[in-house]
Amino acid sequence: MNKAAFIPLCCLIFSLFSACHPTQQNFFAKDGILDASEIDLSTEGPIILDGEWKFYWQDFIDPALPENENGLTVWQPGLWNKMDPPYPARGYASYSLKVKTGPGWPEVIAIRTHEISSAFKLYINGDLVSQSGDPGTDDESTSAWILPQTNVYIKGEAETLNIVMHIANFHDREGGRRRAMMIGTSDQIMDIKHRSLASDSLLIGALLLIALYHAILYAYRRKENLPLFFALVCLAFALRTAFDNERIILLLIPFSFDVYGKLWFITYFIMGPGVQFFLQGLFPQEAFKPASFISLFFLTVFSLATLILPLEVGIAILPYYHLVTLAIMLYTLRIVLAAALRRRPGSLTFTIGVSILIITGIHDLLYTEGLIQSVYLTPSGLLFFVFSQAFFIASNYARSLTNIQHLSAQLAAYSSKLESTVKERTEILRQKKEEITHDISSARKVIDASIPSQEQLAVIFPRHFILNQPKDIVGGDFIWIDPKGRPIIALGDCTGHGVPGALLSMLVMTVLSQEAHLLDPENPAHFVSHVHKIIRHSLHQSGKSRGNDDGVDLCLVCFEKNRIRAVGAHAGLYLVSKGKASVLNGDRKGLGYWRTPDDFNFSNMEINIQEDDCLYLLSDGLKDQNGGNRNLPFGNRRLLLLLE
């Protein structure tokens, strides 16, 4: 075997051993207790929580008072339907483990769970730390969900971690925990999660790029179907990767468990026939034509049964399709071996790639059936296979490119046309820019009409001035006065600049004016809290998931004879009294932001003022203005000196 063939096989052997033995940890839990008190978690972590756990069948024990003595001792990770004697796959149970910590453990730790069928809750010292789905005692009370979880727990000074897991399975053909659970510092566990996500993302991205590349090749040369077949194979493998391991597809599209399960099965069903069709198109003389119809028949029958019938049917027939997959593997191996014996072009490369894919596929079949403890290796084998095929196809196309002078002439003509198009498009863009600028300038007039004029302000505040220099034609800063003519004024600074900020400022001013009848000068904070809820709901930021985090910083002031009441929502009020400037800071939360809870209550600021005192309402534009030799912000300190 030559060097090019030897290197991939060595990499495969290394990946097999590293996957089956992910850690060199030499201690395990014993009789429901894991003694890690001598471990320095920051240097020796993370640790694997493998070993003997306590097991309680058909019982959700109290997570605050785990009784390890009363449970059965079982090895974890492991499926309860694979125990000796086995329990029914459908059911519920509790697992408990006591972890002894030591001085080498930080106060904040993290825990990572993976492959738990098919709903669980994890408690540490009675606190719910991690959850996937909602485990119950029967099918109706259980909500299934299988998604890797990474969670942080504040251990504090606790010397023992009482870990309790409630697991329920009424949907899958296997119940319990398949893969190892890890605990470590938050940095360690998050690093593992990010590496796993990066690995999946890299593989998916590589497959999609290769698929796109070969789809483009087919678009330019449609007489050859081989690039199209290979593009479809890469696309199918990319989808399959998105449904496995970190299950990136669920981070993008929150499918229900049933829909996700059906799609998971179908992506698995497609993989084998996809590789078979591709190899038959590549080596038609070595292929057995009826085999295509046979595999297509099984693919159609199993896919339709999974789609139409309940998910439990798809779960039940999965082991039978493993036999179909194994048969396809052997058939594809026969094709490439026959092609290699006949010395077809590229047959050796295909033989190596297909062999690696088959080895990893068989490994994953054994892992899926719970016969070995490991991780999925098909993505690694898939990467070898795809790159070997991509190399072969790209080489063929590279050799087929001829008549360089003709292509150069075409490129020159295209370049000339492109230059003309660029000039034409540039002129169109210039005209569009003028039109947009004119429209924004017209919008500025509408916005200016919503802001109180100097005459209106002079009626309420005879001694005042306004300095307004927006960065763009329109902006997010605004001034608002009480429409009833009461001595009440507000200054707002909305998120963003330009048109987005202006649109948000119009929304806020509209809400202030519509709700002004609720403004009590004796308690303006209540009014601001009310306005916050309206803005937050208007921006669709009131749910549990994070919104766009837009909002407004607002300072509202109600004047009386010798006293003012003010509310600062992430904004302050500046007072100059007897030549001394000071800032009255309000609350640290702004209006409408996702980070500001719906029920947040803003607070009033009450200040006595004298005749010659000066009050300033400012946005953050002046303080944040950069300048000077070191290009530093103007800052609050310089602002106070300027006001004095």
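Brief remarks on what is shown
- The value for segment 462-536 of Rg(Cα) / (2.2 N^0.38 Å) is 1.16.
- For segment 470-621, the solvent-accessible area of protein heavy atoms averages 48 Å² per residue (probe radius 1.4 Å; ligands and nucleic acids excluded).
- Surface analysis of segment 276-336 yields an accessible area of 51 Å² per residue, using protein heavy atoms and a 1.4 Å probe.
- Angle between the chain longest axis and helix 378-400 axis [Cα atoms, degrees, rounded to 10]: 90 degrees
- The phi-based Karplus calculation (6.51 cos²θ - 1.76 cosθ + 1.60; θ = phi - 60°) puts the 3J(HN,Hα) values of segment 483-488 at x, 7, x, 6, x, 10 Hz, whole numbers, x for Gly and Pro.
- A simple rule links phi to the HN-Hα coupling: the Karplus curve 6.51 cos²θ - 1.76 cosθ + 1.60 with θ = phi - 60°, which for segment 246-260 gives 6, 6, 4, 4, 6, 6, 9, 10, x, 5, 6, 4, 5, 5, 4 Hz, with x for Gly and Pro.
- Net charge contributed by nearby residues that have their C-beta within less than 10 Å of G102 (K/R +1, D/E -1): -3
- The fraction of all Cα pairs in segment 504-644 landing in successive 10 Å bins from 0 to the largest distance is 11, 36, 32, 18, 3, given as whole percents.
- Annotation: amide H of G45 has no partner in the under-5 Å range at sequence separation 5 or more or interchain, hydrogens built in the peptide plane.
- Surface/4 estimate of mean projected area, convex hull on alpha-carbon atoms of the chain, nm²: 41.9 nm²
- Dipole-positive endmost among G496, H540, I473 within segment 468-573 (Cβ charges, Cα centre): H540
- Accessible carbon and sulfur surface of the chain relative to its total accessible area, %, 1.4 Å: 60 percent
- The orientation-averaged shadow of the Cα convex hull for segment 78-188, equal to a quarter of the hull surface, comes to 6.9 nm².
- Taking the C-alpha atoms only, the angle from helix 290-308 to the longest principal axis of the chain is near 40 degrees.
- Volume per residue for segment 200-315 equals 117 cubic angstrom (convex hull of Cα atoms).
- Calculated from backbone phi, Karplus (6.51, -1.76, 1.60) coupling profile of segment 415-431 in Hz, x at Gly/Pro: 5, 5, 5, 5, 4, 5, 5, 4, 4, 5, 5, 4, 5, 5, 5, 4, 5
- Amide hydrogen neighbours beyond the local backbone of D35, cut-off 5 Å, H modeled: K30, K100
- Panel values: segment 122-183, Kirkwood radius from alpha carbon pairs, Stokes-Einstein at 37 °C and 0.692 mPa s, translational diffusion coefficient 250 µm²/s.
- For segment 69-109, the solvent-accessible area with a 1.4 angstrom probe is 48 square angstrom per residue.
- C-alpha long axis of helix 311-341 to longest principal axis of the chain, angle in °: 60 degrees
- With the convex hull constructed from alpha-carbon coordinates only, segment 299-370 shows a mean projected area of 5.6 nm² over all directions.
- Peptides 245-257, 328-340, ordered by how many other C-beta atoms sit within 10 Å of their residues on average, highest first, read 328-340, 245-257.
- Fraction of C-alpha pairs exceeding 11 angstrom in segment 237-278: 65 percent, rounded to a whole number.
- Taking label points 7 Å from Cα along the Cα-to-Cβ direction, L65 and D84 give a separation of 3.6 nm.
- Helix-only arithmetic for the chain: the sum of -39500 (n - 2.57) across DSSP H runs with n ≥ 4, divided by the residue total, places the mean residue ellipticity at 222 nm at -16000 deg cm²/dmol.
The values are calculated or read from the model by the stated rules, or taken from the named source; none is laboratory data. If you're wondering where the values come from, they're calculated on a predicted model, not measured in any experiment. Backbone-built Cβ (ideal geometry, glycine too); neighbour counts: all protein chains shown. Calculation scope for accessible area: heavy atoms of the full protein, side chains included, ligands and nucleic acids excluded. Shrake-Rupley method; radii C 1.70, N 1.55, O 1.52, S 1.80 Å.
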